[in-house]
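The values are calculated or read from the model by the stated rules, or taken from the named source; none is laboratory data. Treat the numbers as computed from the prediction; the structure is a model and nothing was measured. So basically every Cβ, Gly included, is an ideal-geometry build from the backbone, and we count neighbours across all protein chains shown. Ligands, DNA and RNA are stripped out before the accessible areas are found, and what is left, the full protein with its side chains, is counted by its heavy atoms. Shrake-Rupley method; radii C 1.70, N 1.55, O 1.52, S 1.80 Å.
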Amino acid sequence: MPKFVTEDIDPTTGPASLQRNAFYKNVVPSDLNPLDLVARQILTYKFTHLHNPQDSVRQAMRDVETVACAIAGKGTLLVAHNSSFGAHGGNNSAVEAATVKALKDLRTRGFTNITDCFVLSPIRRQRKIFHAEMQLLKACAENNRPIQGGVIGVSKPCCGKCAKYLKALGIDFSLYSKSPVGDWISPEIDQVKTTSNPAI
């Protein structure tokens with residue numbers, strides 16, 4: 001069952017380049033699922049010194065992009081991000097390189113059921129960008145790709161609106177917080193296929 005976490009906003013803590021830093025006070029490492037760690041690992045590879053996938057408490061992540069991932073279809077590590085949103089811009093090539101590294105790491109740890117990886121380009125609508133979790137749902141629904149195990153990983157707690165949408169579709173995730181960060185756009189889907197086999 002997803003856990004609600006509270007934000008502790010402290011503008012004096014964390015990298016000076018980030019604005020409105022939010023830390024999550026009641027998070028412990030055991031709250032995270034394996035795909036959360038993969039999502040955080042992708043950020044680690046992309047944003048050196050900003051993120052540590054094992055540091056579940058002191059993540060200054062309100063304005064840093066979100067990475068969401070799932071094992072979709074027959075074994076694709078599907079990754080979504082909102083790279084042009086937030087304090088640190090970027091493009092797909094940096095996230096793709098980080099995802100390839102994460103996939104290699106998963107394979108060395110024995111996850112041979114993950115055959116390849118694919119990074120979605122951020123979805124825009126009228127100059128707004130979908131939250132990463134909603135991009136994953138939209139891509140899986142529109143391309144008829146089931147989410148293995150019915151679980152996704154997210155690099156930080158889902159906002160309240162994403163959490164409500166994920167719960168309505170029966171998609172499992174670890175953490176959520178109260179308020180949406182930035183503009184929120186509905187993916188306008190009512191079903192996502194899932195499989196019963198565990199993702200990783």
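Given the condition assigned to a loop (DSSP other than H, G, I, E, B) and within 15 Å of VAL79 (Cα to Cα), answer yes or no: does some residue in the range 158-169 qualify?
For the range 158-169, residues assigned to a loop (DSSP other than H, G, I, E, B) and within 15 Å of VAL79 (Cα to Cα): absent.
The rows are residues; the columns are (1) part of a helix (DSSP H, G or I); (2) more than 28 Å from PHE4 (Cα to Cα); (3) modelled with pLDDT of 90 or more.
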| site | (1), (2), (3) |
| --- | --- |
| VAL100 | yes, yes, yes |
| LEU103 | yes, yes, yes |
| GLY149 | yes, no, yes |
| TRP184 | no, no, no |
| PRO187 | no, no, yes |
| VAL192 | no, no, yes |
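Would you confirm, using the coordinates I've provided, whether LEU166 is modelled with pLDDT of 95 or more and either within 13 Å of the chain's Cα centre (by Cα) or open to solvent by 30 Å² or more (accessible area, probe 1.4 Å) (or both)?
Details: modelled with pLDDT of 95 or more: yes; either within 13 Å of the chain's Cα centre (by Cα) or open to solvent by 30 Å² or more (accessible area, probe 1.4 Å) (or both): yes.
It is true that LEU166 is modelled with pLDDT of 95 or more and either within 13 Å of the chain's Cα centre (by Cα) or open to solvent by 30 Å² or more (accessible area, probe 1.4 Å) (or both).
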Residues satisfying the stated conditions in the range 99-137, i.e. in contact (Cβ under 8 Å) with a residue 60 or more places away in the chain, open to solvent by less than 10 Å² (accessible area, probe 1.4 Å) and more than 15 Å from GLU188 (Cβ to Cβ) = ALA102, LEU106, ILE114, ALA132
Pick out, from the range 1-85, the strands (runs of 3 or more DSSP E) lying fully within it that include 3 or more residues that are touching a strand residue (DSSP E or B) at 6+ places or on another chain (Cβ under 9 Å) and at pLDDT 85 or above.
-> 67-72, 76-81
